[in-house]
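Okay, so here's the structure we're looking at.
The values are calculated or read from the model by the stated rules, or taken from the named source; none is laboratory data. From a predicted model like this one, the values you see are computed outputs, not experimental measurements. With ideal geometry, Cβ positions are generated from the backbone for all residues, glycine too; neighbour counts draw on all protein chains shown.
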Ligand SMILES: Cc1cc2nc3c(=O)[nH]c(=O)nc-3n(C[C@H](O)[C@H](O)[C@H](O)COP(=O)(O)OP(=O)(O)OC[C@H]3O[C@@H](n4cnc5c(N)ncnc54)[C@H](O)[C@@H]3O)c2cc1C
């Protein structure tokens, strides 16, 4: 992909050391940020989108999968369309530019390795759409070349058409790992298996066969046959999940020709200069290793899949009030019905508010765009309220029809957020946007 000409032009106009002033600064050019940018520009706001990546689109760029109805979700194309719409509405982009701090009266401090972007943006409103990040799985040997997060592998194979390895083992059991393993397989990588992470203080995802069975239960709608759907559905019941964990074969079972080795856990990645293999041990149903069962699987690549968490460092550093809500993926900024936070003129949208797919992020971006337009007085209250209700319906629809649902209790998490917000409002320190 070639660097974008209009981005370079924007940079030249800005000049190093320059202070840029704008109505709205959007941090993150993924589906949430792009959708919000177009809405805001359509109301006449001056909008700048800042993204640390070279290309606009966020995690959409790596997404490529077949939907249940047989059509394909090609994230790169969707990102291109969103970027085009924003560009046509005169949204300005600063790529390869990190926002390293946001200071009161909303001054964004920027860093770019090329040093030809403005160092500072002064904005009336800030929208934070920083997305999500992967939870690491620390394991002996994980710094060897050939070890990467599944998200990196997804970008390599789907966005850059590079095969990251020939024969790979996935460590970690979660939906993202499973779907990306399938994408990598379609991209020509031989998936030797998906194993559990070694049970440890930091292994947050399924680190026992029992937890893995519960995970399979959540995936019942995805099972390829009617019979498998029924069996997987049964795993939602704790009794059947524990029976399945006990009876699950140590040699694993195959889905899409990928061995699910949920009675084995990885204990170390081996190699001198690069990955050469992984030491794997058989485990009991609670994840404890079975002594003497260690063996080595020969692979040249390892993908780590520890789950996702909302990237909320910036709102935390700015002083937004946060809440730890596991149903949303971890620490998230408190937000209200317009996407507003506990800080005046600061809004959030997308995965930074809780881990969900791109369609939900787009609808959340539209909602935040309407909220900011209302806050800036660009839209009248009645119109804004009508649009807010429509946007909430669309978010709900996107959530209930999502192809990928990362967190089983996401709606519970959203409801909890609503209550926390109302409580915070009642306690009155929350500004009324
Ligand atoms: C590794 C990974 C893989 C995923 N795969 C899928 C998938 O296959 N299917 C799916 O539906 N969902 C997937 N998701 C979920 C994903 O979060 C949503 O699909 C969607 O992309 C969220 O949109 P967003 O706009 O909130 O954030 P993102 O799309 O993540 O965009 C956030 C943007 O913010 C930028 N950014 C962050 N911090 C800064 C900063 N300080 N300064 C400047 N720029 C910054 C990033 O560079 C990024 O471009 C994945 C998420 C991750 C992390």
Pull up the stretch 23-34, narrow it to residues that are within 11 Å of the ligand (Cβ to nearest atom) and assigned to a strand (DSSP E or B), then point me to the one that is surrounded by the most Cβ atoms within 10 Å (Cβ to Cβ). 26
Among (1) more than 14 Å from the ligand (Cβ to nearest atom); (2) over 19 Å from residue 407 (Cβ atoms), there is one condition residue 182 misses while meeting the rest; what is its number? (1)
Segments classed as strands (runs of 3 or more DSSP E), wholly inside the stretch 76-175, with at least 2 members that are within 30 Å of residue 212 (Cα to Cα): 132-134, 147-149, 167-171
Residue by residue through the stretch 143-163, note down the ones that are away from the ligand (no atom under 14 Å from the Cβ) and more than 18 Å from residue 75 (Cβ to Cβ). 143, 144, 145, 146, 147, 163
Does residue 140 meet the test of being away from the ligand (no atom under 13 Å from the Cβ), in the same structural domain as residue 18 (by TED's automatic domain parsing) and touching a residue at least 40 places away in the same chain (Cβ under 8 Å)? no
Quick check on the stretch 75-102: of everything there that is without any contact (Cβ under 8 Å) to a residue 40 or more places away in the chain and more than 9 Å from the ligand (Cβ to nearest atom), which residue is surrounded by the most Cβ atoms within 10 Å (Cβ to Cβ)? 80
Against the definition (modelled with pLDDT under 90 and in a loop (DSSP other than H, G, I, E, B)), how does residue 13 come out, yes or no? no
Just name the residue that is surrounded by the fewest Cβ atoms within 10 Å (Cβ to Cβ) out of those in the stretch 35-46 that are assigned to a helix (DSSP H, G or I) and touching a strand residue (DSSP E or B) at 6+ places or on another chain (Cβ under 7 Å). 41
May I ask you to list the residues in the stretch 132-163 that are surrounded by fewer than 22 Cβ atoms within 10 Å (Cβ to Cβ) and either touching a helix residue (DSSP H, G or I) at 6+ places or on another chain (Cβ under 6 Å) or at positive phi (or both)? 134, 141, 146, 155, 159, 161, 162
Going by the conditions given, is residue 298 surrounded by fewer than 13 Cβ atoms within 10 Å (Cβ to Cβ) and within 11 Å of residue 169 (Cα to Cα)? yes
Do we have residue 188 as part of a loop (DSSP other than H, G, I, E, B) and away from the ligand (no atom under 11 Å from the Cβ) here? yes
Any chance you could count how many residues in the stretch 47-74 are part of a strand (DSSP E or B), under 29 Å from residue 372 (Cα atoms) and within 10 Å of the ligand (Cβ to nearest atom)? 2
Could you list, in sequence order, the residues of the stretch 166-179 that are surrounded by fewer than 23 Cβ atoms within 10 Å (Cβ to Cβ) and more than 14 Å from the ligand (Cβ to nearest atom)? 166, 167
Within the stretch 302-354, residues under 14 Å from the mean Cα position of the chain (by Cα) and at positive phi come out as 307, 329, 330, 350, 354
Looking at the stretch 65-74, which of the residues that are in contact with a strand residue (DSSP E or B) (Cβ under 6 Å, 6 or more places away or on another chain) and touching a residue at least 40 places away in the same chain (Cβ under 8 Å) is farthest from residue 27 (Cα to Cα)? 67
